[in-house]
Amino acid sequence: MILRIYLRDKDAAYREQKLAALIKETAPIPLTHYIGELEGHHFAITEFMPGISLRDFLLGDVPHDLRAIMTEVGMILSKITAYEFSKSDFLNKDLEVVPYESSDVIKFAQDCLNNRTVVSVLSPEMIDEIKKAIKQYAYLFSTDDEKHLVHGDFDPANILVDKINDSWVVTGILDWEFAFSGSYLWDVANMLRYAHKMPPEFQNSFIDALQRNAIKLPPDWRTTAHLLNLSSLLDLLKRSDPQRHPSRCADIHELIDHILSELNNMQKIDRVEIKPYDANWPNIFEAEAALIKKALADNCVAIHHVGSTSVPGLAAKPKIDIIAVVRNLVFDKSQLEAIGYKYKGGFNIPLRRSFTIRTADRNINLHVFEENDPEIELNILFRDHLRETPSARDEYALLKYKLIAEESSHEKNNSIYRGYTLGKHDFIQNILKKSGFNKRRFVLCTHHSEWTVAKHFRDTYFFGPNGIEDPYTWTFNHEEHAHLVLYQVTEIVAYAHIQFWPDQRAAIRIIATDENKRNQNSASVFLTLIEKWLRSLGIKSIHAESRQSSLRFYLKNGYTEMPFNDPENHESDPNDVPVGKVL
């Protein structure tokens, strides 16, 4: 049993008691067995829950799987937030929603800025920045339509973990005294307050678990979380004594400074700009094409003007998109750098070499492909369809203007591309169907539809049949892992998960073809493309652990039995056959 004494809110003990009874079957929350009063303070006898706080656990040196723990934390929060009330506001001891004098978050934060302690700890410059942020993002504080159960103090200090059967699991969610009805982003913000000091999987696994459990985070959730944390920190600072708690005040100062820095960085993101068609765009292309052709010399096969600036009458971002077709994708990049281009990699297209120029006179995106790459035909067919079909061209223009009116279109939300680019995906796919494009092409997963299919392949062909939940979704946002899909026209027919190892080696963790598209040579085509891509990156050998049923496929494609030698020493299935290929 645990004795809890409530000093601030006399209703807190009753609120916790009723919440425990309400959601005990959903979340590990301690039951309250008895509530009493002594010397004006309420106290409660509550259930003992084993474990140590997640905060102490993270600060310690106990070996653990952070991804698994944060995935469970996210899953539990998704269940908590599933409870809804009639409206948003604070909860009384009977869990009835009642008005609270400080429920106006903006006014509350502004009042905090006039507090003597806050003024003494924060510089005038910081206070001015906070005021500007509150004014600029005031619309994000409007959460009256949100009426989810909010823990109110959902952070690692109030979460217990314990080792059970050799695995660390969540055993308790404590301290529900501040629970209210509102936006679940309050709890998300609390959990991620120190995320910038944690490994990436702390946030990534937590957010991924929320989204996988039907929590639809809004496009501006990161900004909103920063603002909610800012409000909470101002309240905490207001109630702190700099003389008695100098470390706490210093910590709050550091956190607020970090939030302001993050908000400032978000504001620096260039907004997508759409301009009416400019008849000079083809002239800019012609001049640039001559420079590129000369720089690439004999390696150059053809140069094409593509993208929206190549379609007369189409509004576009004022950036000229150019495709250079070369005989060999391995070439001296200094040839293009000498005329002002900067190399940018391939983004989501593995066998592309992308370059840009960003000057007052030259705003160019150059895409270099090896001859016969299907991306060349794709871009030309899309361009020609828009040139020849005014209705499609005008529909595309309307879509662009609609997208730039949405704030999320100007942001990158866990993607290499902005929402604007991702928002055009379905339209482009539809045009490709009409244009007669019929090639197979592979890309790195970028669009949410590609990630959805990737998860489907993993669950359907690997983890689902074994009755387990995919434990490796953290690899979706990790530099040592790549996730690719193979398109047949606009339909995804295969998926692969590649891990990069030291010593110029790579491993095929998963490669799978849609069972309805097998016996069409897609898997072999996909594997050949992946090998070509890895070879271009300097990878010397590729490895896999083949099921007996897949061994023939690997042998047919030139693989031989070869030690797997996993540098991470993951346990192998004794029935699998280690195979490999020197690239």
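The values are calculated or read from the model by the stated rules, or taken from the named source; none is laboratory data. These numbers were taken from a predicted model, which means no experiment stands behind them. Neighbour counts are summed over all protein chains in view; Cβ atoms, including those assigned to glycine, are modelled from backbone coordinates with ideal geometry.
Brief remarks on what is shown
- When we screen Ile215, Ile274, Ile303, Ile252 for residues that are within 30 Å of Ser354 (Cα to Cα), outside the structural domain of Asp384 (by TED's automatic domain parsing) and aliphatic (A, V, I, L, M), the only hit is Ile274.
- Check on Leu534, assigned to a helix (DSSP H, G or I), buried (at least 16 other Cβ atoms within 10 Å of the Cβ) and either in contact (Cβ under 8 Å) with a residue 60 or more places away in the chain or not assigned by TED's automatic domain parsing to the domain that holds Asp459 (or both): no
- Selection within segment 537-583 - touching a residue at least 40 places away in the same chain (Cβ under 8 Å) and touching a helix residue (DSSP H, G or I) at 6+ places or on another chain (Cβ under 8 Å): Ile542, Lys581, Leu583
- The one condition from (1) surrounded by fewer than 21 Cβ atoms within 10 Å (Cβ to Cβ); (2) closer than 30 Å to Gly436 by Cβ that Ile511 does not meet is (1).
- Of all the numbered requirements in (1) under 29 Å from the mean Cα position of the chain (by Cα); (2) within 23 Å of Arg440 (Cα to Cα), His570 misses one, and that requirement is (2).
- Hits in segment 39-56 - residues which are part of a helix (DSSP H, G or I) and either among the acidic types (Asp, Glu) or surrounded by fewer than 14 Cβ atoms within 10 Å (Cβ to Cβ) (or both): Asp56
- Of Ala324, Ala289, all but one fail to be hydrophobic (A, V, I, L, M, F, W, C), out of contact with any Leu (no Cβ under 8 Å at 6 or more places or on another chain), in contact (Cβ under 8 Å) with a residue 24 or more places away in the chain and not in a loop (DSSP other than H, G, I, E, B); the exception is Ala289.
- Scanning segment 557-583 for residues that are more than 17 Å from Ile498 (Cβ to Cβ) and surrounded by 15 or more Cβ atoms within 10 Å (Cβ to Cβ) turns up Asp576, Val577.
- Which numbered condition Ile292 fails, given (1) assigned by TED's automatic domain parsing to the domain that holds Arg383; (2) within 19 Å of Tyr417 (Cα to Cα); (3) among the aliphatic types (A, V, I, L, M): (2)
- Residue within segment 24-33 that is more than 39 Å from the chain's Cα centre (by Cα) and outside any helix (DSSP H, G or I) present: yes
- Residue in segment 123-133 that is in contact (Cβ under 8 Å) with a residue 60 or more places away in the chain and surrounded by fewer than 20 Cβ atoms within 10 Å (Cβ to Cβ) present: yes
- Just one of the listed residues (Ser231, Ser205, Ser181) is touching a strand residue (DSSP E or B) at 6+ places or on another chain (Cβ under 7 Å) and of a type outside the set (A, V, I, L, M, F, W, C), namely Ser181.
- Some residue of segment 551-562 being under 15 Å from Arg509 (Cα atoms) and of a type in the set (Gly, Ala, Ser): no
- A residue that is modelled with pLDDT under 90, touching a Lys or Arg at 6+ places or on another chain (Cβ under 9 Å), within 30 Å of Gln211 (Cα to Cα) and of a type in the set (A, V, I, L, M) can be found somewhere in segment 400-409.
- Entirely in segment 179-256, the helices (runs of 4 or more DSSP H) that have 3 or more residues that are in contact (Cβ under 8 Å) with a residue 12 or more places away in the chain and among the small types (Gly, Ala, Ser): 221-238
- Segment 177-226 - residue that is of a type in the set (Lys, Arg) and within 20 Å of Thr452 (Cα to Cα) and, of those, surrounded by the fewest Cβ atoms within 10 Å (Cβ to Cβ): Lys216
- Count of residues meeting criterion [touching a residue at least 60 places away in the same chain (Cβ under 8 Å) and either of a type in the set (Gly, Ala, Ser) or in contact with a Lys or Arg (Cβ under 6 Å, 6 or more places away or on another chain) (or both)] in segment 442-481: 1
- Residue count for segment 514-531, restricted to those that are surrounded by fewer than 20 Cβ atoms within 10 Å (Cβ to Cβ) and either part of a loop (DSSP other than H, G, I, E, B) or not assigned by TED's automatic domain parsing to the domain that holds Leu444 (or both): 4
- Any chance Ala496 is in contact with a helix residue (DSSP H, G or I) (Cβ under 7 Å, 6 or more places away or on another chain) and either more than 23 Å from Asn438 (Cα to Cα) or assigned to a helix (DSSP H, G or I) (or both): no
- Picking from residues in segment 432-488 that are outside any loop (DSSP other than H, G, I, E, B) and among the small types (Gly, Ala, Ser), the one that is modelled with the highest pLDDT is Ala482.
- Flag if Ala82 is assigned by TED's automatic domain parsing to the domain that holds Ser205, in a loop (DSSP other than H, G, I, E, B), on the phi < 0 side of the Ramachandran plot and in contact (Cβ under 8 Å) with a residue 60 or more places away in the chain: yes
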